[in-house]
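*Asks:* Right, I'll just put the structure down here and ask away after.
All of the numbers you see were taken from the coordinates with simple rules; none came from a lab. Nothing here was measured: the structure is a model prediction, and the numbers come from that model. For neighbour counting, all protein chains shown are included, and Cβ atoms are generated from backbone atoms with ideal geometry for every residue, glycine included.
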Amino acid sequence: MIAVKKLVKRFGLKTVLRGLNFEVPEGEFVALLGPNGSGKTTFLRILASLSRPTLGEVCVAGYRLPIQASAVRRNLGVVSHLPLLYGDLTAEENLRFYGRMYGVLELSQRINEILELVGLTSRRRDLVRTFSRGMQQRLAIGRAILHDPEVLLFDEPHTGLDQDACDMLDRLLREVAGQGRTVVMTSHDLARVEDLASRFDVLSRGVISASASCSTFTVRRWQADMDRPQTTDHRPSSIVHRRSSGFLNAIGAIVWKDLAAELRSRELLSAMLVFALLVILIFNFALELDPLTRRVATPGILWATFAFAGTLGLNRSMAVEKDRGCLDGLLLAPVDRSAIYFGKTLSNLAFMLIVEVVVLPVYSVLYNTNLFNPGLIVVILLGSVGYVAVGTLLSSMAVQTRTRDVLLPILLFPVVIPILIAAVKASSGFLQGLALTEVMPYINLLIVYDVIFTAVAYMVFDYVVEE
Amino acid sequence: MKPQPIILKVLNVISVLLFLAALGMVFLYAPLEATMNYVQKIFYFHIANAWVGMLGFIAAAVAGVVYLIKHDQKWDIIELAAVEISLVFFLIAIAAGSIWARPSWGAYWTWEPRLTTAAILEMVYISYLLLRQGIDDPDRRARFSAVYTLVGAISIPITFMSIRLFRTIHPVVIGTNSAASQGSFDMTSKMLATMFFALFTFSVIFVNLFWHRIRLGQLAQQVEQLKLEELQ
């Protein structure tokens, strides 16, 4: 079920895995032991298709990595020490989102079964951020088996749990593993996994240095199997029907998830709106706006406001994905990477447009300027599209850096200034009532920028999220 | 540590000799321009620096694309070398342009579109260096840098195009001059010869420095390798 030959993984000059060989037959539960820094997580990330091998062959569920990554992801469930769940969605909404990403049919019925299995039916409508760590991990297991995968990867799932929560998690792990699935679990604690696994491999200095079978395992598992009601199906849950999650369906799921989480928390929109209004107020003091200055300065003030507020939104939108490891959750779904990019871009565009819809009438009232001009609306739409197209790409990069708090505006502004200049010029043209022929060059410029930045971002997004 | 290759040593000498010759041509061979006098001499350095600055930024974008295809760290070293050197050349071009602008336009700096886009271009590559500083993992650093170089490279044609897209006072020395441009002048054949010689000289200096910087990058990589071997 899993076959790894001569796997090498290098990070720059540092070699983490050095010709590792590893094999797991179907239905076996293997514990991968090793001290911190031995390469367990790196190895599991390669098996999970989150990281590319430098050299060697990796085959999971009958498919080769990285060539058949999408097929591997369809047959794979991953639980790490981070739950990969959205805190501002309920347990049910989280499962619904991932179900849509995996193309699970009869999703409501499947969600009910999963919630029952992990013992969270009564908490299905509670936000995940209100859950204890143990409950989050149980729901994370539910998320991992939602699409009924053949292979499960557990990366130190006990991290941060107390004894009771660990025991409860072990019972759940035993149950999901006992349904004929192939399981690999990493741990640095032998005592923790000795009741679960049938084989123990030790990873040291980038290779499997020792391997042993657990004699007691077979007896215990046999006893457990005898106690369980016998069924003809090796997985007692109903057969999960899946279709491949379409491109548009995945985009729709991401937009739905972002809007649902934001409409509940309102953290991002509130911050963007308050910041936008503050910028407008500060410009009022800075420029002492008399009617003449106001007419000239309005397009610049508006676009400075949108750009600053937009940066806040982009930063927060991607930070949410990094929180609780959700970006990995997205990347584990068997959908094209560009669907993730377009989904995030559309969400960010929606947030930016909402802020603009609020800012425009407020500005009109505060400065007694009529901004309800169809031409201006078109310019705002085109400018915003270009801004979020490149902004989503760069925020995906910025959020993965050490200096994530400050880096996004520094990366973004020099690149989007051409868009802002064209947008300001075009807005100014419409507000001053210039002929359309005089404004059209800037509109054309905006369209060209939008197309170029969207195309470039689409082409390189893979490189930003892969390892 | 490997000594410098012979060709590089020869190139060092050629670069110095060419630079001295270019200085000679600028101050002794090229005629004095009628209205701007000696100030016009800086034009030869301005345009030569801008040329190699652009050359480096394009080289960086190409190296970035090759890195994304091949995932080979050597292309990351080449990309960084090109950006660092171009950043300095382009900064000199902007400073030289400002010195030229003072008598021509009456100000060291105007917010004229090409100057503004040139400043933006500098900012893109300063941001590039800040991006690199914020990432510890060498693979990720190289990937993100390559992507950002590619996105930033879109700004390079904008700098060239801006002179056509917007009305400008920046002189178009080569090609059709706009009616609104100020500070332009008719080039004599000697001026033209000097300009092309300066372009050639700075191109050679660029190749020389580029080679040195790549070599430095490779040596730094070797030091890292030795440190890792010591630790392991």
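*Asks:* List the lysines whose alpha-carbon lies under 30 Å from that of B:Lys2, not counting same-chain residues fewer than 8 positions away?
*Replies:* Straight-distance partners of B:Lys2: A:Lys9, A:Lys14, B:Lys70, B:Lys74, B:Lys227.
*Asks:* How do A:161-172, A:71-82, A:188-199, A:44-55 rank on mean C-beta neighbours within 10 Å, highest first?
*Replies:* In descending order of packing, they fall as A:71-82, A:44-55, A:188-199, A:161-172.
*Asks:* What is the helix-to-structure angle for A:163-177, meaning the angle in degrees between its Cα long axis and the longest Cα principal axis of chain A, kept from 0 to 90 and rounded to the nearest 10?
*Replies:* It is inclined by approximately 80 degrees.
*Asks:* So if I average 1/r over every pair of distinct C-alpha atoms in the range A:295-390 and take the inverse, what Kirkwood radius in Å does that give?
*Replies:* When all Cα pairs of the range A:295-390 are included, the Kirkwood radius is 14.9 Å.
*Asks:* On a 0 to 90° scale, report how tilted helix A:91-102 is relative to the longest principal axis of chain A, with both axes built from alpha carbons and the result rounded to the nearest 10.
*Replies:* 90
*Asks:* With each pseudo-label sitting 7 Å past Cα toward Cβ, what's the A:Glu194-B:Leu130 distance in nm, one decimal?
*Replies:* Here the answer is 5.4 nm between the modelled labels.
*Asks:* Could you tell me how many degrees, from 0 to 90 and to the nearest 10, lie between the Cα long axis of helix A:337-367 and the main elongation axis, the longest principal axis, of the Cα atoms of chain A?
*Replies:* On a 0 to 90 degree scale, this one is about 30.
*Asks:* How high is the relative contact order of the range A:1-98, in percent, with contacts defined as C-alpha pairs under 8 Å that are six or more residues apart?
*Replies:* Once normalised by length, the contact order is 26 percent.
*Asks:* Work out the mean other chain Cβ neighbour count within 10 Å for the residues of A:385-398 and drop it here as an integer.
*Replies:* Counting Cβ atoms of other protein chains within 10 Å of each residue's Cβ and averaging gives 2.
*Asks:* Then there is this: Quick check for me: using +1 on Lys/Arg Cβ and -1 on Asp/Glu Cβ, what's the dipole size of the protein assembly as shown about its Cα centre, in debye to the nearest 20?
*Replies:* The calculation lands at about 960 debye.
*Asks:* What is the distance, in nm, between label points placed 7 Å from the Cα along the Cα-to-Cβ direction at B:Tyr38 and at A:Ile447?
*Replies:* Inter-label distance under the simple model: 5.4 nm.
*Asks:* When A:Ser338, A:Ser384 are ordered from fewest to most other Cβ atoms inside 10 Å of their Cβ, what list results?
*Replies:* The fewest-first ordering by Cβ neighbours comes to A:Ser338, A:Ser384.
*Asks:* I've got another one for you. Within 10 Å of each Cβ of A:450-462, how many other protein chain Cβ atoms are there on average?
*Replies:* 2
*Asks:* Taking the square root of 5 times each eigenvalue of the Cα gyration tensor, what semi-axes in Å does the equivalent ellipsoid of the range B:60-100 have, largest first?
*Replies:* One finds semi-axes of 29, 8, 4 Å for the range B:60-100.
*Asks:* Mind listing which trypsin sites (Lys or Arg not before Pro) in the range A:249-330 are in a DSSP loop and have 16 or fewer other Cβ atoms within 10 Å?
*Replies:* Those that pass, being in a loop and sparsely packed, are A:Arg266.
*Asks:* Working from the pairwise distances between different alpha carbons, so that the mean of 1/r is found and then inverted, what is the range A:33-87's Kirkwood radius in Å?
*Replies:* Kirkwood radius, the range A:33-87: 12.3 Å.
*Asks:* Report, as a whole number in µm² per second, the diffusion coefficient that Stokes-Einstein gives for the range A:327-442 at 37 °C and 0.692 mPa s using the Kirkwood radius over alpha carbon pairs.
*Replies:* This corresponds to a translational diffusion coefficient of 204 µm²/s.
*Asks:* Let me ask something else. Given axes a ≥ b ≥ c from the Cα gyration tensor, I'd like to know whether the range B:1-94 is rounded (a/c under 1.5), prolate (a/b larger than b/c) or oblate.
*Replies:* It is oblate, given that a/c is not under 1.5 and a/b is not larger than b/c.
*Asks:* Could you work out the mean count of beta carbons from other protein chains within 10 Å of each residue's beta carbon in A:412-425?
*Replies:* 4
*Asks:* Can you compute the modelled spin-label distance between A:Ala319 and A:Thr159, with each label point 7 Å from Cα toward Cβ, in nm?
*Replies:* That separation, rounded to one decimal, is 2.2 nm.
*Asks:* A follow-up question, please. Give the lysines reachable from B:Lys190 as a straight Cα distance under 24 Å; neighbours fewer than 8 places away on the same chain don't count.
*Replies:* B:Lys41
*Asks:* When a footprinting reagent is the concern and you count Cβ atoms within 10 Å, what order do A:Glu93, A:Glu467, A:Glu106 take, fewest first?
*Replies:* A:Glu106, A:Glu467, A:Glu93
*Asks:* Convert 37 °C to kelvin, take the viscosity as 0.692 mPa s, use the Kirkwood radius over C-alpha pairs of the range A:91-168 as Rh, and evaluate the Stokes-Einstein diffusion coefficient in µm²/s, rounded to a whole number.
*Replies:* Using the Kirkwood radius from Cα pairs, D works out to 254 µm²/s.
*Asks:* Sequence neighbours fewer than 8 away in the same chain don't count; with that in mind, list the lysines whose C-alpha is under 16 Å from A:Lys6.
*Replies:* Correct list for A:Lys6: A:Lys40.
*Asks:* Provide B:Phe144, B:Phe200, B:Phe45 in ascending order of the number of other Cβ atoms located within 10 Å of each residue's Cβ, fewest first.
*Replies:* Ranked by crowding around the Cβ, least crowded first: B:Phe200, B:Phe45, B:Phe144.
*Asks:* Between rounded, prolate and oblate, where does the range A:1-156 land on the alpha carbon gyration tensor, with a ≥ b ≥ c its root eigenvalues, rounded for a/c under 1.5, else prolate if a/b exceeds b/c?
*Replies:* prolate
*Asks:* By how many nm would the segment from A:Ser270 to A:Thr121 lengthen if fully extended, with 0.36 nm per residue of separation less the alpha-carbon distance?
*Replies:* That works out to 50.4 nm of additional length.
*Asks:* Step by step: find N for the protein assembly as shown, compute 2.2 N^0.38 Å, then divide the Cα radius of gyration by it. What's the final number?
*Replies:* 1.14
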